[in-house]
Each structure stands twice: as C-alpha cells, then as structure tokens.
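Following: one structure in structure tokens, then a few remarks.
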Amino acid sequence: MAYDKDLLGSIAATRLGLGARGDEIAQASADPEGWLLTQVNPGGADLFRTDMPSVPERLAEYRQIGLARRQAQMGAATETQAPAPDVVQEVRRLIRENAGQDILSRLQLAAATNAPFRERWALFWANHFTVSGVKGITANLIGPFEQEAIRPHVFGRFEDLLVASSSHPAMLLYLDQAQSIGPGSPAATRAGRNGRRVGLNENLAREILELHTVGVEAGYSQADVTEFARAMTGWSIGTEREGADQEGRFVFRDNAHEPGARVIMGRRYADGGYDQARAVMHDLAASPHTAHHLALKIARHFVADDPPPSLTARLAGAYMDSQGNLAVLARSLITAPETWAPLPAKFKTPYEFMVSSWRAAGTSPGEIARVAPVMASMGMRTFAAPSPKGWPDDTASWAAPDGIIKRMAWSETFSTQAVGERDPLTLAQNALGARLTPLAAKTISRAETRAEGLSILLMSPEFQRR
Amino acid sequence: MTNIPLGFGTPSRRQVFARSLALGITLEFAGTQVFADPLAAKRKLVVIICRGGQDGLSVSPPVGDSAYAALRGPIAIPGCGETGGALKLDETFGLHPALAATHALALKGEARIAPAIATPDRERSHFEAQDVLENGGTVAYGAASGWLNRALTAMNTRSGGPNSGVKAISVAATAPLILRGPVETASWSPGGGAEPDHRLPGILQDLYANDPVLGPALATGLATQGMAKEASAMVQSEMAAAPSEPDVMNGASPAPQAPRQGAADARKLGLTLAAFMTAPDGKQVAAVSVENFDTHANQGSSQGQLATRLAYLDAFIDGLHTGLGPAWADTVVVTATEFGRTARVNGTRGTDHGTASTALVLGGGLSRGGIIGDWPTLAPASLFENRDTAPTLDMRGLFKGVLRDHLGVDRAALDSLVFPESSRIAPLSRITA
C-alpha cells in the first residue's frame, strides 16, 4: 500500500468503520489494518440489548392484543361500530416500546462503539437476511432475530448463519414459512377432512435461493423453488398446544412435512424430515454461486457500487478456501488492496449518515420518537426495509434531490443542538482526517456560527461519502 | 389520433414532427414548433408502480368467469350486487369494492382495465421483474436507466435539446429506476425542508460546484422545495373546500382507524402531486410507487390486507383526479405491477408469485372501449403453467401506445431508445381518444 498512513487511517474509520469518533483516526493510523483486524471477533458481533424480552414473550404480548382485536371486531360486526381505537393504540404502543427500544439501543451501540468495523459487518449481515417490520407482527421480532440469529454467527460459518436465520421465528413469520404445509402431509390430510385448505408457501424457499445464497444467476427453475419449499415444510413455530417450552420457538413439525425425496438443482435429497432441508442448506452454503453472490455484495457494500472484479474474485476465493468462514472473509476484505482505494466511492445511506454524524459530534441519539421520523423522511424507515432484498446501498438509490434536502434539514437542526462550544474545524479534522479537502476546510472555517460549521461538515461531499 | 390522415384535423405533435422531417425542417425548428403547441405542453402522464406483485384477480375480479370463484375460494371477491361484491364493469369483470373512486371514473369512460398484462419477465422474482418493468428491456439488470427517463430524452430531443422542456418528478425520497437516467428529474416526498432564507443551501451549492452527484441533486431539490411550498398552499385550500372525509370505502363497513388515516394521507399525496403538475412550468411526467402488494398469506377478500392497500391506491387516484381539475382531460394515469399472482388461493389464504395481472388506465381523454387486450379466461387449460393468469398483452405495448398517442414519442424512438429491441411489440392503438 503506497498511500500514507493518515489517509489509510481515515479510510479505515470511515469506509470500513462507522465514521470516526473522537481521536479514532489517530488511533487507526498507527496500524490501519491491525486496527480493523482486532475487531474481527469469532465469538460474534456485540449485542445491543442485554435486557431484551424473548421471542415467546413478545409473541404472547401480540397474541393478547390480537385476541382483543378479534373481540372488538366481533363487537363491530354486531353493533356496526368501529373497533375500539385503543386496540390500534395498543399495537402502536407495543411496537413503540419493543421495536422502538431495539432500534434506539442498536443506534446507540453504533454511535458509541470502539469496534465500528465489527458493528458495520453485523449490520451488513442483518440487511442480507432482512426481516422487515412492514408486517405488523414481525416488527417486534427483528431485535431478537438480530441478536439471536445474526450477531452470534457473523464471524462464524455462513452455513450456521443461514440455518439460524432460516429457522428463527421472525424469518419464519416474515416469509410465511411457519404456515407452509406439505400437501401430501398428514396435517394437510387432516385439515382437508375438516374442510380447511392448507398448503405450500414458497416464499422463504425462494428468497433463500435468490437473496440469501446462490442468487438468480445460479439458474435454478421454478421447479427447484417448489421442491425446496416442499423440503422445508415442517419448519415452523411452536404453538400453545405444543407446550410452554415450545411455544413461540422454532419447531420441526413432522406431520406437516411433505413426505418423499426431493430433487433441487440437480441433486437428490432423501426424505429425512428436518435433515432434508438442512442438507439442502449445507449444499447451498458450499456452492461457488453463493461464494460469488456474497463476495459481490460485500465488495459493493464496502468498496464501490461497481467494485473491481479482482476484489470480488479474491473474496469469493477466501470464502471457498475457508469453507464459508466469515471471519476469514472479513480479514480478506480488510487486507485486500482494492479496499483501500484513495477516493471514496460509496455514498452513505441515511442510517450510515446519521450514525456517522453522532460519532463526529461525539453524541448519541436519546429519543427514538425524534430519530425514527427523520430517518423515514430520508427514505429509510428503520426495521422496515421495503422488501426481503433489504436496503440498497448504491449512490443512485440515495443521492436523490429530496433525500439531500432532508439530510440538509436534519443537519441544521442537529448541529444547533450538538455543537456546543466546540470548534467545527477541529471536529472536521477528527471526523475526516486526511480525507478533509482544503475547499471543505475553508468553507467550514468561514462559517458564521459553530452550528453552521458543523452543518457544512456533515453535508460536505467527503462526509456524505465513505 | 393516430388514424387521422395528414392534412385533416388538428395534427398531433408526432405528426407535426413527422411532417417537419418530411419537409427537411431541422430538429431545432421542429422543437420550437412543437414546444409552442399549447396542447402538447399540457399533456401529462403519471405511472403508478404497484410493488410486490399486485393481485390482478382482486383488482379487477373476473366474477363472471365460471372458474373464478372455485379457484379463489375464501379470497374470491363476491359477485356484483352481493354484499362486499365487485363493482360492475361488464358481464365478466368488476372492480374491487375498495376501488370506488376508480369505479366512478370507469362509469364515465375515464378508467379502463387491461386484465391480462405482463412484462416480458417470467422468473417470478420481485426484484428481477420490477427491474424489467422499470428498465424497459427484456432482462433484469440490463440497463441502468429507466424507460420513462429515456422517453423524456426522446421528448426533449424533439423539443429542443437534452434537459429542456419536459420535466418529471418521482414521489419518493429516492428516485425509482423507472425515472433514473440521463435526464435530470426531481423527487419529492412529504415532510420538512430547508427554509429559503437560510444560508446553508447557498453555501452548499458553492461547495458542490464540482460534485457531479450532489451538485445537480441539491439544485433540483431546492427548486422542487420551492414548488412544494406553493403546492402545499393549494392543497390546504383544496382540503378545506372538499367534503370532510371522502367515502372511499363506498359504504362498506367502517375500516379500522389506521387504514382510513392511510387513505386520507394517500388522497392528500394525490392532491399534492396534482398541484406539482398543474403549477406554471409544472411537471408533465410523474412516477409513483405504492408498496406492500405481496400477499402470500391472509390477503383477504372485500376487506382485509389487500383491500386496505387498494383503498390507499384508490384514494391517491381520487386525490390526483380532484386536484388536476380541468387538467384531468389532458392526463393519462397508468398503474402497473411486476407480476400477478397465482390463480388459485394457496394454503395460507394468500396467493404466490404469478404472471399476468391487471393494469388500470385512467384519464379524462381515454377513448371508449371495453377491456384492453384479450381475456384468456381462467379455464384450467388456459392457465399459464397451470397456475397463473396467462399474459395476452406485453406491458410495453400499452406504455408505447400511451407514449406515442398521448405524448407524441415517435415509433422509432419507442422501438430502440425507450424500449430497446422491441420493434415487434406494436404500440397499442386507441387508448386515448
């Protein structure tokens, strides 16, 4: 690496971290690669809450309200009255208290952490395995999902991460797997006798193939999707009937599993109950298509919208050589020369922008009710990605006129509250190090007020990029 | 319009252009001529993308198709005249009961359906199919620009050079693919904004002077912000004048609080977009996204999850129609989705990714007629791959017809620039009168 250490330190903190906090660039500059490598923790990413209610507890709360809502609707049907407004209020309260606290804790971790690469890596995988709160019931399960299924595994084996995600109640609900029943299973036969129609739902199986593992370029067919969906039948969530120790947790329900062998992407999988879909996941995780799909996505996220093919190839090679070891993959990214290109090619998402702003100002978000609407106005409603594909991270998606106006409006408000007695030029030098351009530095130093100076820093081209 | 022979009636801009070419008049001259045509400059197009795979069989339920009720089971929309039944269009089709405002327009000949329309994509993947719908090609990720942006290129080349003339806006904080491309467009969404008397915008314009991304984005954003202020003032007076709460559910039992609030917001959004489009020097072309149509489970029938989303769409259309006022006569609105859903209800009272769906075509200047395209029926032998509504109409044909007859984009540009390698897909005739 021919570039000077100060520049590399600022790249480490901004491109691979979450934006510099305090004297982070100075610390990183001593040994930029080493500073990042020590953040790779095979034990997993940090948890943002230690006091988080469990999935069964949160599902139980939700069911209580569902019960109340049904009663209200029955009342409405007979008395032609609208449901009691407090039912809606209750759901809103639940989401505000649970998901709201989860989001706030996650943002506070990002704003304060001394291991920002570790956190960015975790956020990448959380977005890769998106569970979105757009379905009411899932909003409250995203926090537990991330803490239980994602964060412990982000420096472990990809296969473990895939299985943990695919068997977590949040994902099973979000992509409708929990209710998928093999048409030839005993459960379907019994339901048929009772006049109920039940059957296959291919949503999760499809997204595992398309988004989580091999990607569309692997060339699988509709038949492969359906076969995989059949193999996955039985992966569900325990109910009240199955006992308190199972309720709200992952269960494999044998009587909902479609009997028989399956053929998926040319491979035959003997019937083996839970092990059948598990074996498919093993092969998906080992596929070179998965290696390439993940490598390209990582290179795009961390380095450039259109990353150098050599970087993608390097990452895919590290994945295959290590049999999907994500710590090895992270180290490969850190040590790749392409990662350290001097010009910042990535435009920050609203989440990255706000987190890096708190870090630059040395503050932390205090109230979710103030933060959530701002992020939504910038086009990124936290925990509510528009689809299972998660949030985009390319320039074209975020550098839209309205998005820039919203960033500018928030910068002004935020800077007024956050700047205090500090000199904005010093803040800029700490936040950007060698990446601060003379033009931005001059503009900041000419600001009329400290708050204006901080606003200019936050809106400067080099701060908006990483 | 397309069938008027040269020399008779009021020529369309396209015909003016064709004639000027025949006479050897330069593009610039033609541009001036065309741009001076007051009618042409008033023409408006709104494309509403319904994301998630909108269930065409619920948007325009073919309640008269003998296979419909059995395929749909608990999620079938009841027949016209029944409780919660479809709103009648003809002997076969109705509209979903949540689409009351759309239905009122249909009764006046100002809304029509294309009930078996699809993109060229057959992969049933949301992201691939949305990409194809927006990029205007035949394969996903085949282009970095959207067809509506390239249509602007075609229109602007004709009317005097790139980035002049026709203006477009997306209603979103970020630009959707359909409007991304070489022609700069605006984006706008409700909520906060910079005060014009602040210093920061001016400082940043200087700081962004050499930034190819942030410079143009900020300039456009500030211009749009100014326009939004005027639009908002208009909407305030509009809302004050309108009846208290539009009866979007058409007498259906009261919807829960949240959806009704959503519909009121949607109507306001429609009114605001209309204000953008009717302002002096306003936007002629707009793209809007409506999301959450991916109804794999518990999609509901006359009421429920999908009905709530359709009520939102209907309220948006209602707001747009109301806000446009007399300009509605010069406007075409098209809704499109990436794919339809399975003809059969699935095991979780929802539907899975399918193929053909329904497009709505609305506007004050539509030609009269029944459904757009053919109805393949839902008979077992007619289903595509034994699961989906079979596509009988390529979506590009509809878009091409609207761009040609309504906005005067010529066929050569449509076949190559706007929808690459699509010469075998003919523009649909007689959508607009």
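The values are calculated or read from the model by the stated rules, or taken from the named source; none is laboratory data. Bear in mind that the values here come from a model prediction, so they are computed numbers and not experimental data. Because the Cβ atoms are built from the backbone with ideal geometry, glycine has one as well, and the counts that use them run over all protein chains shown.
List pairs: first residue in segment B:205-225 and within 7 Å of another protein chain (Cβ to nearest Cβ) and without any contact (Cβ under 8 Å) to a residue 24 or more places away in the chain, second residue β-branched (Val, Ile, Thr) and buried (at least 16 other Cβ atoms within 10 Å of the Cβ) anywhere in the structure, Cβ distance under 6 angstrom, at least six positions apart or on different chains.
B:207/A:443; B:217/A:404; B:218/A:404
Consider only pairs whose beta carbons are under 8 Å apart and that are at least six residues apart or on different chains; among these, list those whose first residue lies in segment B:331-352 and is over 18 Å from residue B:119 (Cα atoms) and whose second residue is charged (D, E, K, R) and part of a strand (DSSP E or B).
Cβ pairs passing all conditions: B:331/B:44; B:332/B:44; B:351/B:341.
Output the residue which, of all residues in segment A:378-393 that are touching a Gly at 6+ places or on another chain (Cβ under 8 Å) and at the interface with another protein chain (Cβ under 7 Å from one of its Cβ atoms), is nearest to residue B:141 (Cα to Cα).
The qualifying residue nearest to residue B:141 (Cα to Cα) is A:387.
Pairs needed: first member in segment A:13-41, within 16 Å of residue A:333 (Cβ to Cβ); second member anywhere, buried (at least 21 other Cβ atoms within 10 Å of the Cβ) and of a type in the set (Asp, Glu); C-beta distance under 8 Å; at least 6 residues apart or different chains.
A:13/A:24; A:17/A:24; A:18/A:119; A:18/A:352
Looking only at segment B:45-83, how many residues end up being among the basic types (Lys, Arg) and at pLDDT 95 or above?
Selection size over segment B:45-83: 1.
Residue check, residue A:441 against (1) within 13 Å of another protein chain (Cβ to nearest Cβ); (2) surrounded by 20 or more Cβ atoms within 10 Å (Cβ to Cβ); (3) more than 24 Å from the chain's Cα centre (by Cα), all met but one. Which one?
Just one mismatch for residue A:441, condition (2).
Does segment A:347-364 hold any residues that are buried (at least 20 other Cβ atoms within 10 Å of the Cβ) and either under 13 Å from residue A:107 (Cα atoms) or not hydrophobic (A, V, I, L, M, F, W, C) (or both), and which are they?
A:348, A:349, A:350, A:351, A:352, A:353, A:354, A:355, A:356, A:357, A:358, A:359
Please state which of the following conditions residue A:306 fails to meet, knowing it meets all the rest: (1) without any contact (Cβ under 8 Å) to a residue 60 or more places away in the chain; (2) surrounded by 16 or more Cβ atoms within 10 Å (Cβ to Cβ).
(2)
Being crowded, with 20+ Cβ neighbours inside 10 Å and not hydrophobic (A, V, I, L, M, F, W, C): is that true of residue B:408 here?
For residue B:408, the condition - crowded, with 20+ Cβ neighbours inside 10 Å and not hydrophobic (A, V, I, L, M, F, W, C) - is met.
Taking segment B:111-131 as the region of interest, how many residues are away from chain A (no Cβ under 12 Å) and either within 18 Å of residue A:220 (Cα to Cα) or surrounded by 20 or more Cβ atoms within 10 Å (Cβ to Cβ) (or both)?
Counting residues in segment B:111-131 that are away from chain A (no Cβ under 12 Å) and either within 18 Å of residue A:220 (Cα to Cα) or surrounded by 20 or more Cβ atoms within 10 Å (Cβ to Cβ) (or both) gives 9.
Would you tally the residues in segment B:202-221 being buried (at least 21 other Cβ atoms within 10 Å of the Cβ) and part of a helix (DSSP H, G or I)?
Result for segment B:202-221: 7.
Give the residue that is nearest to the chain's Cα centre (by Cα), with candidates limited to residues of segment A:183-225 that are surrounded by fewer than 18 Cβ atoms within 10 Å (Cβ to Cβ) and under 20 Å from residue A:324 (Cα atoms).
A:216
Looking for something among the small types (Gly, Ala, Ser), in contact (Cβ under 8 Å) with a residue 40 or more places away in the chain and not in a helix (DSSP H, G or I) - is there at least one such residue anywhere in segment A:398-414?
Looking through segment A:398-414, at least one residue is among the small types (Gly, Ala, Ser), in contact (Cβ under 8 Å) with a residue 40 or more places away in the chain and not in a helix (DSSP H, G or I).
Considering only helices (runs of 4 or more DSSP H) fully contained in segment A:107-167, which possess at least 3 residues that are at pLDDT below 95?
Because the criterion is at least 3 residues that are at pLDDT below 95, the helices (runs of 4 or more DSSP H) in segment A:107-167 that meet it are A:136-139.
Going by what's in this entry, would residue B:105 be described as at pLDDT below 95, more than 30 Å from residue B:381 (Cα to Cα), under 18 Å from the mean Cα position of the chain (by Cα) and not basic (Lys, Arg)?
In short, no.
Could you count how many residues in segment A:93-120 are among the charged types (D, E, K, R) and farther than 29 Å from residue A:66 by Cβ?
Of the residues in that region, 3 qualify.
Which of the residues belonging to segment A:137-172 are under 20 Å from residue A:278 (Cβ atoms) and of a type in the set (A, V, I, L, M)?
Those that are under 20 Å from residue A:278 (Cβ atoms) and of a type in the set (A, V, I, L, M): A:149, A:150, A:161, A:162, A:163, A:164, A:170, A:171, A:172.
Looking only at segment A:185-216, filter to residues that are among the small types (Gly, Ala, Ser), at pLDDT 95 or above and assigned to a loop (DSSP other than H, G, I, E, B); which one of those is farthest from residue A:164 (Cα to Cα)?
Restricting to residues being among the small types (Gly, Ala, Ser), at pLDDT 95 or above and assigned to a loop (DSSP other than H, G, I, E, B), the top hit is A:185.
Identify the residue in segment A:1-21 that is at pLDDT 95 or above and assigned to a loop (DSSP other than H, G, I, E, B) and, among all such residues, is surrounded by the fewest Cβ atoms within 10 Å (Cβ to Cβ).
A:21
Being more than 8 Å from every other protein chain (Cβ to nearest Cβ) and either on the phi < 0 side of the Ramachandran plot or more than 21 Å from the chain's Cα centre (by Cα) (or both) is true for just one of A:396, A:409, A:431. Which residue is that?
Exactly one of A:396, A:409, A:431 is more than 8 Å from every other protein chain (Cβ to nearest Cβ) and either on the phi < 0 side of the Ramachandran plot or more than 21 Å from the chain's Cα centre (by Cα) (or both), namely A:431.
What pairs come out if I take residues in segment A:172-193 that are more than 8 Å from chain B (Cβ to nearest Cβ) and without any contact (Cβ under 8 Å) to a residue 12 or more places away in the chain and pair them with residues that are β-branched (Val, Ile, Thr) and part of a loop (DSSP other than H, G, I, E, B) whose C-beta lies under 9 Å away, six or more apart or interchain?
A:191/A:181; A:191/A:198; A:192/A:198
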